[in-house]
Every structure is written in C-alpha cells, then in structure tokens.
C-alpha cells in the first residue's frame with residue numbers, strides 16, 4: 001500500500017465495500033478507480049498483468065500512464081505532464097469523467113518492457129462516481145491491440161487483392177475481345193470468373209464495413225427493370241447457374257426508385273446466389289419486382305422448400321447448411337437492408353410453393 005495517507009484512506013473506502021474486489025477480479029477487463037488527482041486508489045487483478053507488475057503496492061497513487069509505463073510519462077514529469085498527453089485518449093477520457101461526463105475513447109500506449117518497445121491499443125470507458133461525498137472516476141479498459149492489427153491487415157489485404165483481381169478482370173476482358181474461335185468461349189469463361197472473383201472480394205469488404213457502421217449510403221435515381229435484368233444476365237454466367245435456369249417474372253414491373261444501387265445490388269446478388277445454391281439441377285430461379293405504393297418489392301423464388309431447422313435460423317450470422325465458414329449471405333441481406341436501405345427482408349417457404357425471399361424498400365431514401 002502506498003505511504004500517502006490520503007491514498008490509503010481512499011483505497012480503504014473501496015476495499016471495505018463487500019464483494020467489490022471479487023466482482024472486479026472476475027471481469028476479463030482492467031478496472032481502475034481514480035481520485036480527483038487522477039491517482040489510482042483501487043483496481044482489479046487485470047491491471048497487474050497489463051502493467052507488468054507483480055505486487056499491488058507499487059500501483060496505488062500512480063496515474064494510469066505511470067502504471068502502464070507509458071514512454072511519454074517516463075520521458076517527462078509523469079502522466080499528464082508531457083505535451084503528448086494532451087492527445088492521449090485515456091487522459092482526455094478521464095478529464096471528461098472528472099467533469100461528471102461518461103466517455104469512451106481509444107488510447108495508445110507505447111512503452112518499454114524489459115528493453116523491448118511494445119505498443120498497446122486500448123479502449124477506455126469512464127464513468128463518474130460520488131462515493132461518501134468524494135468524486136472519483138471509474139475506468140474500464142479493454143485491450144483491442146489484436147482488433148486494430150486485424151483491421152490494418154484487412155485493409156492491406158483487401159487493397160492488394162482487389163487491385164490484383166481487378167487487373168486480372170481487365171486482362172480477361174481484353175482477351176475476350178481479341179481472340180476468336182474456340183478460344184473465345186474460354187476467354188469468356190475466364191472473364192466471367194475474374195468478374196465473379198472481384199464481386200466476392202467487394203462483397204466481403206462491404207459486409208465488414210457494414211458491421212462496423214462505416215458503410216456510406218450514396219443514393220441515385222434509376223429504374224428497376226434494366227437494373228434487375230443486368231443482374232440476372234450476369235448471374236446466368238455464374239458457376240452456380242450451371243444446369244439451372246434464371247428468368248425474370250413476366251409480371252415484373254419497372255419502378256423508378258432513389259436508393260443506393262451498390263448496396264441494393266449486393267442484397268439481390270445474395271438472394272440469387274442463395275436461391276441457386278438451394279436449387280436442384282434443372283431447377284428454375286425466378287426474380288421480379290413490383291410497385292407496392294410508397295415502396296418497391298423485389299423477390300427471388302426457387303422451387304425448393306427449406307427444412308424446419310433451417311427456416312428457424314436462416315438470418316443468423318454464420319449459420320449455414322453449406323459448412324463451416326459460410327452463412328453470411330442471408331445475414332447480410334437483412335443487415336444491409338435494415339441498417340442502410342431502411343427496408344425489410346422476409347421469406348416464405350413450403351413444400352407446395354418452394355421458397356421466396358422478398359426485399360421491400362421505400363422508393364426514396366434520404367442521402
């Protein structure tokens with residue numbers, strides 16, 4: 001325990017609260033209580049691991065940066081006194097807490113541990129607390145270093161692989177337009193495969209952005225008949241369409257809508273792909289569109305019925321009848337429709353009529 005009597009007194013306040021330490025020690029994240037001077041007066045065991053400390057006493061009375069062995073704190077007069085501290089997420093979040101405000105921020109610590117430089121990315125959440133007429137700040141901190149590394153790798157991966165795939169797609173298109181005879185059909189298939197590869201990469205990239213609430217909506221005005229026709233025509237060359245027919249319903253209507261065509265295209269692509277994967281050889285997939293007053297409805301039908309266990313889980317993330325690592329298609333239909341296009345996705349499935357997915361949207365959405 002620190003020799004500072006004030007720190008000892010404040011620490012005893014929290015230590016005397018029944019079961020508080022047991023509760024906080026059971027949490028997987030670091031939890032710290034700071035006083036008005038930003039000094040540590042209480043913490044759970046997770047701090048010892050993250051601070052690379054083996055005993056409690058040395059941490060009481062320290063500021064967060066000092067306890068975490070932040071390089072900026074060690075280079076100056078301590079945590080909060082270096083010029084770089086003014087941009088530190090932890091320092092700013094604690095300041096909000098001392099002003100009786102809740103706050104959540106990302107913060108980065110660079111520190112030297114056993115002669116090695118280590119970078120930590122943390123997410124800190126602060127809550128003000130009044131205990132026995134004294135002001136404190138309760139902080140929880142979660143190590144998100146692995147998440148930040150994964151995001152960086154994802155950005156690099158998608159950037160590099162999409163550039164490569166786009167290059168293949170362009171070369172395949174040139175090849176298709178220059179060769180003749182039997183080679184022409186092979187070139188056409190290569191071009192179709194290259195286009196499909198680019199679509200799959202973009203689909204995964206868009207889904208990741210959607211889940212992070214980073215997907216931008218950019219609506220434009222267009223008509224549904226040529227939009228749906230072009231989509232169906234492209235899918236006729238898809239590998240999944242082999243020995244299966246895709247057609248547009250005779251009663252399909254042409255409707256003027258104002259929405260994000262890129263996101264809508266992704267939803268309908270997943271509907272078509274899902275229908276093709278569910279259909280038997282020789283089956284026919286039917287797509288269509290109808291005017292529903294202030295809304296527009298798209299649908300995709302296939303003649304197969306879903307088993308009961310599948311119907312009950314169809315929109316759950318990662319649920320799939322096609323094996324591990326699949327199952328994002330129907331999930332992304334609903335995610336993209338509800339969160340970004342302000343619409344709904346539903347389905348009906350039965351032995352008599354097969355399966356039909358419907359997507360309904362307002363004809364105009366705000367940008």
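Going from the residue with the fewest nearby Cβ atoms within 10 Å to the one with the most, 27, 107 rank 27, 107.
Would you mind checking the tilt of helix 89-98 against the longest principal axis of the Cα atoms of the chain, expressed as 0 to 90 degrees and rounded to 10? Value to nearest ten degrees: 70. Axis angle, to the nearest 10 degrees, between helix 145-178 and the longest C-alpha principal axis of the chain: 20 degrees. For region 216-367, the Cα gyration tensor yields ellipsoid semi-axes of 24, 18, 14 Å (square root of five times each eigenvalue, largest first, whole Å).
Ignoring everything except DSSP H segments at least 4 long, calculate the 222 nm mean residue ellipticity for the chain; use -39,500 (n - 2.57) per segment, divide by total residues, nearest 500. The helix-only estimate for the chain comes to -13000 deg cm²/dmol at 222 nm. For the peptides 67-74, 293-300, 349-356, the ranking by mean Cβ contacts within 10 Å, running from highest to lowest, is 67-74, 293-300, 349-356.
Working from Cα positions, state the angle (0 to 90°, nearest 10) between the long axis of helix 5-15 and the longest principal axis of the chain. Once rounded, the angle reads 50 degrees.
Set against the labelled values (1) 56, 24, 19; (2) 36, 22, 21; (3) 32, 22, 20, semi-axes √(5λ) of the Cα gyration tensor in Å computed from this structure falls on (1).
Read-outs throughout are calculated quantities, based only on the coordinates presented, and are distinct from any laboratory measurement. Here the structure is a predicted model, which means the values were calculated and not measured. Quick reminder, even Gly has a Cβ in these numbers, built from the backbone with ideal geometry, and neighbours come from all protein chains shown.
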